[in-house]
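In what follows, a single structure is set out as structure tokens and then discussed.
The values are calculated or read from the model by the stated rules, or taken from the named source; none is laboratory data. Keep in mind that this is a model prediction, so the values were computed, not measured. Because the Cβ atoms are built from the backbone with ideal geometry, glycine has one as well, and the counts that use them run over all protein chains shown.
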Amino acid sequence: MRHIISVLMENEPGALARIVGLFAQRNYNIESLNVAPTEDPTLSRLTLTTIGEDRKVEQITKQLNKLVDIVKVVDLTEGAHVERELMLVKVKASGSQREEVKRTTDIFRGQIVDLTGSIYTVQLAGDSGKLDAFLQAVGSVTIVEVVRTGVSGIARGEKVLSL
Amino acid sequence: MEHLSGAEMVVRSLADEGVEYIYGYPGGALLHVYDAIFRQDAVTHILVRHEQAATHMADGYARASGKPGVVLVTSGPGATNTITGIATAYMDSIPMVVLSGQVPSDFIGTDMFQETDMVGISRPIVKHSFLVKRAEDIPATIKKAFHIAQTGRPGPVVIDIPKDITNPGEKFEYSYPKKVKMRSYNPATRGHSGQIRKALELLYAAKRPIVYSGGGVVIGGASEQLTELTKSLNFPITNTLMGLGGFPGSDPRFLGMLGMHGSYPANLAMHHADVILAVGVRFDDRVTNGIGKFCPSAKVIHIDIDPASISKNILADIPIVGPVDSVLKDMLKLIKEDKRAPDVDAIANWWKQVEEWRSSKGVFPYDAGDGVVIKPQKAIEVLYEVTKDMDTYITSDVGQHQMFASQYYKFDKPRRWINSGGLGTMGFGFPAANGVKLHYPDAQVACVTGEGSIQMNIQELSTCMQYDLPVKIINLNNRVLGMVRQWQEMQYEGRFSHSYMDSLPDFKKLVESYGHVGMRVEKLEDLKPAMEAAFAMKDRLVFMDIAVDASEHVYPMHIKDGSMRDMWLSKTERT
Ligand SMILES: Cc1ncc(C[n+]2csc(CCOP(=O)(O)OP(=O)(O)O)c2C)c(N)n1
Ligand SMILES: [Mg+2]
């Protein structure tokens, strides 16, 4: 099963390397990863997705918790949560394709954020499934370049991950 | 307020931390620090002959005393030479602080002479590491490093110090912090009372219980509680390789070590147990054998300070995260309040069964031979007889001799058996013994080794001469890499690929050339008197080169991927 693990950590050099190193060292996979400072600049928030059986993921969260730079770890997939990923896609858009791409973008509630005579740059946010579906809809022939941020997530309701 | 340079702060912080000895080797990146060492006498520096030995020496000291060992090495090769020792300490959860020199800050990343990314190289084998950026941060960083190294599940911590911040020309206000507070690091201080209650109910109800305890009990200072608990419940007990001495080895409740080379009664009792009280252990593969076949009818209570050790390999029915000493204390207190005990008849029946196993095959049986050739097992038995009434620490290297030492020496106290269990580092034993001897000059310190292992750090004979470290080296010389050879005989039809060294030195002459005493023993009748003579020479390093029977294997030996009860008992007999 896919798990979204959210980590609150000291914003210190080397902290990220420790996390990534842990995954490599213990043969855990990382599907996606993103990290940035929080409203408190001494803390960073990292979100990663990994695929594994529950027992393995439990071991991953325990091992992460052991890292001295890490303040808190939660597996968001254990409860209700919101997940979002941002994607920028360059697609070929000339002639009749232009209308087609525009329409698909609208259906997916994306935005065209840049354009040339032959290229549209589309911005799309949503869960990873929606982003995958968009790529499928426009088709691989049309796609020139894709960049995705990886999943970010947050628990629903009152639950917070903070100090 | 006092003003000190970065280099002076390094040394002063160590002194203020209460460090007596540091083990190290100088070099360019550390010259300022070495100069600061020269100009003080609060901390004594021991010059080893190889940085790996410095780490093992610090490690031996840490294992014997419970306090962190401190290592000081230069950048580049000095730092990389410590890697084996850091990994050794990491695998066995030993507190250690390693200070490494680094090229000046502005040159980091330029491939400067003797630059290596020490923080990067050591990352997977440290509990934590620091690259110090400013001289002002040195005291607080050292304080944190010691705190992290010795609290929670202990482990090695690296502090990498760029040369420029040790500059003697720049002085800073110095004060050593009294306390550390880290919001991101809070090891458990108590076990969960609900879980402890559940565990007790299971213990009271047990019909075929066993206590399985490990290095966590030794490191966690919980031997007293473990001993009291085990005796009061009257349960059989077994120890891991790392846990020996955590419960008195000469007590009748002790069934010997368990695992790959564990005793017949210990492995059988584990296999048939209905309740396993696992304390400070990690269900290592060298203990469990095939995970899928592990102790089929057992409910597992697992107490450990490290939550990640619990349910990692074997699912715990009742996990208890906390310091083992405090959890066991809580248990003992509750038992007294409860005024309850396990079912006496059931336990008596269980003991009958266990005693049957113990007497049918013996604990660690071996063929006594012709009485002339020295069996390695016998050598350890004689070592035990000669030293058991002395204040003795035994260190060991890695191989058959290590297993024989763990099987035949009876450790009645914790911290007396010092070996590299997790990493299995040949070359560990001798420098580790030196670290112990330095701190416990009145104790007898013996290193049980093999002719393969001892050659991995034999240069330390020179360190022993310089600092007068009269350890005893018990070299079980079978002229082969015995443990490798055993596997080759059992699994590779006797193709002895590179497990033989046809060019051994004359060890007696070798140690004599360093100014120590050498002995060569070849006959059984000479063994005991020679050993007595060696231990009587209190102020001399004695190297006993003992010719032992190379055909001996270590038994029992688990049959790969089987259950705990599946083992070879001799070359021809299996369960
Ligand atoms: C540094 C290192 N290299 C290789 C090994 C693999 N190894 C384990 S036991 C052993 C043989 C040890 O020989 P010796 O010290 O003579 O001990 P014996 O088994 O003969 O008692 C070897 C090579 C190891 N444990 N450590
Ligand atoms: Mg040998």
*asked:* Criterion first (touching a Lys or Arg at 6+ places or on another chain (Cβ under 6 Å), away from chain A (no Cβ under 14 Å) and within 11 Å of ligand 1 (Cβ to nearest atom)) does B:Ser499 satisfy it?
replied: yes
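Kindly evaluate B:Ala278 against the criterion of being closer than 27 Å to B:Ser326 by Cα, in a helix (DSSP H, G or I) and modelled with pLDDT of 95 or more. Steps first, answer last, please.
Values: closer than 27 Å to B:Ser326 by Cα: yes; in a helix (DSSP H, G or I): no; modelled with pLDDT of 95 or more: yes.
Against the criterion (closer than 27 Å to B:Ser326 by Cα, in a helix (DSSP H, G or I) and modelled with pLDDT of 95 or more), B:Ala278 does not qualify.
Taking region B:92-111 on its own, how many of its residues are farther than 27 Å from B:Lys133 by Cα and surrounded by fewer than 20 Cβ atoms within 10 Å (Cβ to Cβ)? I'd like the intermediate steps shown before the answer.
Initial filter on region B:92-111 (farther than 27 Å from B:Lys133 by Cα): B:92-93.
Now restrict to residues that are surrounded by fewer than 20 Cβ atoms within 10 Å (Cβ to Cβ): none.
So the answer is 0.
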*Could you run through region A:44-57 and say how many residues are buried (at least 19 other Cβ atoms within 10 Å of the Cβ) and either in a strand (DSSP E or B) or within 11 Å of another protein chain (Cβ to nearest Cβ) (or both)?*
7
*Is there any pair with a first residue in region B:533-555 that is free of Cβ contacts under 8 Å to residues at least 60 places away in the same chain and a second that is part of a strand (DSSP E or B) whose Cβ atoms are under 8 Å apart and which are 6 or more apart or on different chains, and what are they?*
B:Ala533/B:Met519
*Test each condition in (1) under 24 Å from the mean Cα position of the chain (by Cα); (2) buried (at least 24 other Cβ atoms within 10 Å of the Cβ); (3) within 27 Å of B:Ser5 (Cβ to Cβ) for B:Ala89 and report the one that comes out false.*
(3)
*Residue that is surrounded by fewer than 19 Cβ atoms within 10 Å (Cβ to Cβ) and either small (Gly, Ala, Ser) or modelled with pLDDT under 95 (or both), where the choices are B:Gly69, B:Gly18*: B:Gly18
*So, of the residues in region A:1-29 that are surrounded by 17 or more Cβ atoms within 10 Å (Cβ to Cβ) and within 15 Å of the chain's Cα centre (by Cα), which turns out to be nearest to the other protein chains (Cβ to nearest Cβ)?*
A:Val7
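Every residue, every condition in (1) of a type in the set (Ser, Thr, Tyr); (2) over 26 Å from the mean Cα position of the chain (by Cα); (3) part of a helix (DSSP H, G or I), yes or no:
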{"residue": "B:Val287", "(1), (2), (3)": "no, no, yes"}
{"residue": "B:Pro296", "(1), (2), (3)": "no, yes, no"}
{"residue": "B:Ser311", "(1), (2), (3)": "yes, no, no"}
{"residue": "B:Pro342", "(1), (2), (3)": "no, yes, no"}
{"residue": "B:Asp345", "(1), (2), (3)": "no, yes, yes"}
{"residue": "B:Gly371", "(1), (2), (3)": "no, yes, no"}
*Is it the case that region B:120-135 has a residue that's in contact with a Lys or Arg (Cβ under 7 Å, 6 or more places away or on another chain), within 29 Å of B:Gly66 (Cβ to Cβ), within 14 Å of chain A (Cβ to nearest Cβ) and touching a residue at least 24 places away in the same chain (Cβ under 8 Å)?*
yes
_Every residue from region A:58-80 that is facing another protein chain (nearest Cβ under 7 Å) and outside any helix (DSSP H, G or I)_ = A:Val68, A:Asp69, A:Ile70, A:Val71
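Let's see how each residue does on (1) within 14 Å of another protein chain (Cβ to nearest Cβ); (2) aromatic (Phe, Trp, Tyr); (3) assigned to a loop (DSSP other than H, G, I, E, B); (4) under 21 Å from B:Ala89 (Cα atoms):
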{"position": "B:Val211", "(1), (2), (3), (4)": "no, no, no, no"}
{"position": "B:Gly216", "(1), (2), (3), (4)": "no, no, no, yes"}
{"position": "B:Leu226", "(1), (2), (3), (4)": "no, no, no, no"}
{"position": "B:Thr230", "(1), (2), (3), (4)": "no, no, no, no"}
{"position": "B:Leu244", "(1), (2), (3), (4)": "no, no, yes, yes"}
{"position": "B:Met260", "(1), (2), (3), (4)": "no, no, yes, no"}
{"position": "B:Phe283", "(1), (2), (3), (4)": "yes, yes, yes, yes"}
{"position": "B:Val300", "(1), (2), (3), (4)": "no, no, no, no"}
{"position": "B:Ile303", "(1), (2), (3), (4)": "no, no, no, no"}
*Among the residues of region B:105-116 satisfying the criterion of being part of a helix (DSSP H, G or I) and touching a residue at least 12 places away in the same chain (Cβ under 8 Å), which is nearest to B:Tyr21 (Cα to Cα)?*
B:Ser105
*asked:* Testing B:Lys437 on (1) closer than 19 Å to B:Arg63 by Cβ; (2) basic (Lys, Arg); (3) within 11 Å of ligand 1 (Cβ to nearest atom), one condition comes back false. Which one is that?
replied: (3)
*Scanning for something within 14 Å of ligand 1 (Cβ to nearest atom), free of Cβ contacts under 8 Å to residues at least 60 places away in the same chain and closer than 18 Å to B:Pro265 by Cα, does region B:408-426 turn up at least one residue?*
yes
*Would you pick out the residues in region B:7-53 that are in contact with an Asp or Glu (Cβ under 7 Å, 6 or more places away or on another chain) and in contact (Cβ under 8 Å) with a residue 40 or more places away in the chain?*
B:Ala7, B:Tyr25, B:Ala36, B:Val48, B:Arg49, B:Ala53
_Take the conditions in contact (Cβ under 8 Å) with a residue 24 or more places away in the chain and more than 16 Å from ligand 1 (Cβ to nearest atom) and apply them to B:Val448. Does it pass?_
no
*Which one of B:Asp317, B:Asp304, B:Asp325 is more than 25 Å from the chain's Cα centre (by Cα) and modelled with pLDDT of 95 or more?*
B:Asp317
_Of everything in region B:486-526, what is within 16 Å of ligand 2 (Cβ to nearest atom) and touching a residue at least 60 places away in the same chain (Cβ under 8 Å)? Give them in sequence order._
B:Gln486, B:Glu489, B:Val521, B:Glu522
